[in-house]
Amino acid sequence: MSSETEAAQFSNGTDAVQVISPNNDHRVAPGDDERRLLNDAVRSLPSHAVKDLLSAGVCIRCIFRLFGISDHAYFRSSLSPSVMCNILGEGDSSSSESMESELKPEVCRICLGILQFIYRDEKEMLVKRKNGDELAASIAELIRQEGHQIDGFSLEVSIPPIIFENEQAVRLYMKKKYGSELWFQERLSECISTKDALKFAIVNPLEIILDVKSGPSYVRIRLTYTETKPSIIPSKSVDRNGGSKRRKTGTYNGLDTVHVELVGNRTGCCDLSLGQGSPASGRSSTGLAEHESSEYSNFPLERVNEPCHLVFLCNRTPIYFGGRYLKFSRNVSQTRWIIDDERMGEASIEEIIGGNILPMCQGDSYKFHAAGREDIDVRMLGSGRPFLLEVQNAREVPSEALVKEIETRMNNLGNKLVGVKNLSLVTSHSWDLMREGEAEKQKQYCALVWISRPLEDEDLQCIASHKDLQILQRTPVRVLHRRSPLERGKIIHWMKIEQITGSSQYFLLHLCTQAGTYIKEFVHGDLGRTHPSIGSILRCRAEILQLDVTDVKMDCFFG
């Protein structure tokens with residue numbers, strides 16, 4: 001993220017509070033209601049405790065969330081210690097200036113600058129935003145630059161685990177020092193997590209600027225904060241579970257990414273019960289009491305010289321295109337096939353279909369999935385083979401009309417290698433349908449066969465008489481280098497011979513089989529590894545010269 005790259009400067013309290021307008025071309029001052037909310041929030045706090053926390057290097061927004069204040073007003077403001085003191089009535093302007101000089105601006109020792117909107121961007125530049133509106137505006141601008149077409153979004157935030165440790169140390173200190181005061185039981189019973197506080201700050205401005213609503217969505221905006229210089233978490237620490245269910249979901253830049261499912265009376269808040277609590281109070285009743293002495297020694301927190309690194313990512317969940325493909329060439333593989341740096345075949349179905357659809361979606365990449373596959377020298381005719389094309393992080397979701405236009409374009413390619421039928425946008429559920437149908441499907445073939453003797457009328461009747469013929473096939477010799485040596489039972493549902501005029505030893509064999517049957521081996525027997533075979537049934541040598549797939553019976557899937 002680009003922007004102000006000078007050393008981080010805190011507002012001096014005289015700056016006008018600013019709100020980013022949806023079209024980002026002008027700024028407007030907040031109304032009296034917003035200022036009143038801010039004043040009321042500050043005046044509701046114990047001034048001596050606030051000054052203590054400020055002196056300890058805690059930022060104003062962290063102070064607010066520690067006291068459970070969830071009003072949006074303070075996130076839209078440019079806050080400084082002098083502003084706090086003025087609202088609290090802590091003396092005249094000279095005393096405020098004294099406070100300002102005493103509390104030199106620094107990166108917050110709890111949130112590491114996250115709620116001060118200070119961070120290092122991907123170019124290692126130091127960036128300072130005045131408030132949540134400005135951060136939201138910069139995020140929205142990056143979304144526009146990347147060309148995302150969105151109709152909603154969900155916001156995900158990942159923060160370093162040390163922030164939770166810092167927060168616990170401060171809360172233990174507060175309990176030690178102020179636990180006997182009346183306000184403590186009332187005000188510090190709940191706190192707002194750093195993640196939720198950041199969402200308070202930027203979700204609403206993002207909704208206004210992008211003109212969409214947040215919530216469950218295919219488009220995910222992710223903010224990943226990591227420590228510039230990772231801290232070593234003390235071995236004696238408070239219970240990290242702390243009344244919340246925490247699960248490790250992976251690592252990012254060497255740091256654990258942790259999602260917290262918080263337990264409490266308020267959604268998104270940490271329940272901090274300060275007395276002898278029930279099991280439901282979780283973290284606070286046991287964590288604070290059991291580890292109080294060891295964690296208290298970690299206060300005051302170390303000075304933070306560098307804010308977090310921030311990596312922004314806007315990503316759409318995969319979109320899927322489904323249909324059926326036809327292959328008219330005996331020199332086209334299903335997927336890109338390279339052996340010893342040499343390409344096999346003149347093209348691949350994957351590249352032809354994916355190469356035409358991906359630019360239309362402005363996606364990052366694609367994955368091709370099909371209901372089975374045919375060999376490179378086998379044509380796919382008839383109804384075609386079902387396929388799915390999964391497009392990663394599509395910036396645009398094409399209309400139905402545009403999808404049909406792409407289908408027409410692929411079918412009119414000059415080389416006539418591949419055709420597409422019934423192309424459409426489908427849901428991820430289609431993946432399950434394809435996999436379920438793949439195991440149960442039947443396939444029809446047409447094979448050009450040669451036998452070592454002339455074909456007789458009895459042969460036609462013999463072949464046609466076999467219905468639901470059970471065969472056993474050991475893994476073919478030609479694929480033993482890449483398949484397990486197994487024996488598989490398969491079914492030949494029906495067969496019939498079509499004679500070729502003027503030829504006594506060549507004929508067309510039409511057959512319908514169970515999915516996964518090796519047709520070439522069923523014809524020639526594969527040195528006895530498939531039994532029975534056409535050769536063993538006709539009691540002669542049989543060879544397959546050409547093979548076409550004429551139908552893949554999966555009526556529920558792009559029929």
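The values are calculated or read from the model by the stated rules, or taken from the named source; none is laboratory data. Owing to the predicted nature of the structure, the values given are computational and were not obtained by experimental measurement. Counting neighbours? That spans all protein chains shown, and the Cβs are built from the backbone with ideal geometry, glycine included. With ligands, DNA and RNA removed, areas are computed over all heavy atoms of the protein, side chains included. Shrake-Rupley method; radii C 1.70, N 1.55, O 1.52, S 1.80 Å.
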*Restricting attention to segment 119-137, which residues are under 26 Å from the mean Cα position of the chain (by Cα) and either within 21 Å of residue 163 (Cα to Cα) or surrounded by fewer than 20 Cβ atoms within 10 Å (Cβ to Cβ) (or both)?*
119, 120, 121, 122, 123, 124, 132, 135
*asked:* Can you tell me which residue is nearest to residue 517 (Cα to Cα) among those in segment 373-427 that are open to solvent by 70 Å² or more (accessible area, probe 1.4 Å) and of a type in the set (Ser, Thr, Tyr)?
replied: 427
_Checking residue 501 against (1) closer than 21 Å to residue 378 by Cβ; (2) open to solvent by 50 Å² or more (accessible area, probe 1.4 Å); (3) more than 44 Å from the chain's Cα centre (by Cα): exactly one of these is not met. Which one?_
(1)
*Find the residue count for segment 347-372, including only residues that are surrounded by 20 or more Cβ atoms within 10 Å (Cβ to Cβ) and touching a Pro at 6+ places or on another chain (Cβ under 6 Å).*
1
*In segment 465-490, what residues are open to solvent by 40 Å² or more (accessible area, probe 1.4 Å), within 19 Å of residue 537 (Cβ to Cβ) and of a type in the set (A, V, I, L, M)?*
472
*How many residues are closer than 12 Å to residue 311 by Cβ and open to solvent by 30 Å² or more (accessible area, probe 1.4 Å) when one looks only at segment 209-227?*
1
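From 459, 432, grab the single residue that is of a type in the set (Asp, Glu), farther than 14 Å from residue 534 by Cα and either open to solvent by less than 60 Å² (accessible area, probe 1.4 Å) or without any contact (Cβ under 8 Å) to a residue 60 or more places away in the chain (or both). Steps first, please.
Working: 459 fails: farther than 14 Å from residue 534 by Cα.
Among 459, 432, only 432 is of a type in the set (Asp, Glu), farther than 14 Å from residue 534 by Cα and either open to solvent by less than 60 Å² (accessible area, probe 1.4 Å) or without any contact (Cβ under 8 Å) to a residue 60 or more places away in the chain (or both).
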*Scan segment 504-546 for residues that are buried (at least 18 other Cβ atoms within 10 Å of the Cβ) and polar (S, T, N, Q) and jot them down.*
513, 514, 517, 530, 533
_I need the full set of residues from segment 541-559 which are at pLDDT 95 or above and part of a loop (DSSP other than H, G, I, E, B), in order please._
541
*Would you say residue 314 is in a strand (DSSP E or B) and modelled with pLDDT under 85?*
no
*For segment 195-209, indicate whether the set of residues that are in contact (Cβ under 8 Å) with a residue 60 or more places away in the chain, part of a strand (DSSP E or B) and more than 18 Å from residue 120 (Cβ to Cβ) is non-empty.*
no
